[in-house]
1. Which entry is the computed mean projected area of the Cα convex hull in nm² for this structure: (i) 12.0; (ii) 9.2; (iii) 8.7?
2. Which cross-chain or sequence-distant (5 or more) residues have an amide H under 5 Å from the amide H of residue 69, H modelled 1.01 Å from N in plane?
3. Report, by chain and number, residues whose modeled amide H sits under 5 Å from the one on residue 28, excluding near sequence neighbours (fewer than 5 apart, same chain).
4. With θ taken as phi - 60° and the coefficients 6.51, -1.76 and 1.60, list the Karplus ³J(HN,Hα) couplings across segment 81-98 in order, rounded to whole Hz; mark glycine and proline as x.
5. Could you go through segment 99-110 in sequence order and give the Karplus-derived ³J(HN,Hα) for each residue, using 6.51 cos²θ - 1.76 cosθ + 1.60 with θ = phi - 60°, rounded to whole Hz, and x for Gly and Pro?
6. Tell me what the chain gives for mean residue ellipticity at 222 nm when only DSSP H runs of n ≥ 4 count, each as -39,500 (n - 2.57), the sum divided by the residue total, rounded to 500 deg cm²/dmol.
Amino acid sequence: MDEPAGLRFVERSQLSPGKVMHYRAHLDVHSQLPPEALSVSLNIMHAGGAQGLLDQYRFDTGRNVIAGVLGAGSAEVFMRIGVGLGHAGMLDLAEHFARRHPSDRMRLVALDARAGLLDAAGRDDLWRQAEASGSRLVAMEAARNRRAIERLDA
């Protein structure tokens, strides 16, 4: 499996009564197969202060790639709403987060929220700057957004 840096594919397994599985958060990847009969499982996860900055991913095990992020955190939702409403404090916070937040995902959310308030030229400029952010995730999404703007202008 071509694993993203730091991740380790652990196993493909099926839950059964009494089975306990332990995985390291944000390091181990597993594929949970369907049970033989209707069942309930309990996931016990530590929720520390930094937990809100970390994403939980959905994997495409057939293609061995990260296929998406499972659910937006509350910080993302509040950022989008506050910026969308034009709240001055949230606009400042979004600008700060876009440049300095430790989570690349949150940086991208802040940029995307700001882009929603701009015309095509302003969005293109914002995403052009984001391409040089030093973050692979942000740069790739910025390039994708710039291509979308170019298609709309064509």
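1. Here mean projected area of the Cα convex hull in nm² agrees with entry (i).
2. Amide H neighbours of residue 69: 58.
3. Distant-sequence amide H within range of residue 28: 8.
4. Taking θ as phi minus 60°, the curve returns 5, x, 5, x, 7, x, 5, 4, x, 6, 4, 5, 5, 4, 5, 5, 4, 4 Hz for segment 81-98.
5. Taking θ as phi minus 60°, the curve returns 9, 10, 5, x, 9, 4, 4, 5, 4, 5, 4, 4 Hz for segment 99-110.
6. Details: 5 runs with 66 residues, N = 154.
The helix-only estimate for the chain comes to -13500 deg cm²/dmol at 222 nm.
Bear in mind that the values in this text are calculations on the coordinates, not laboratory data. Small disclaimer: the values here were computed from a predicted structure and weren't measured.
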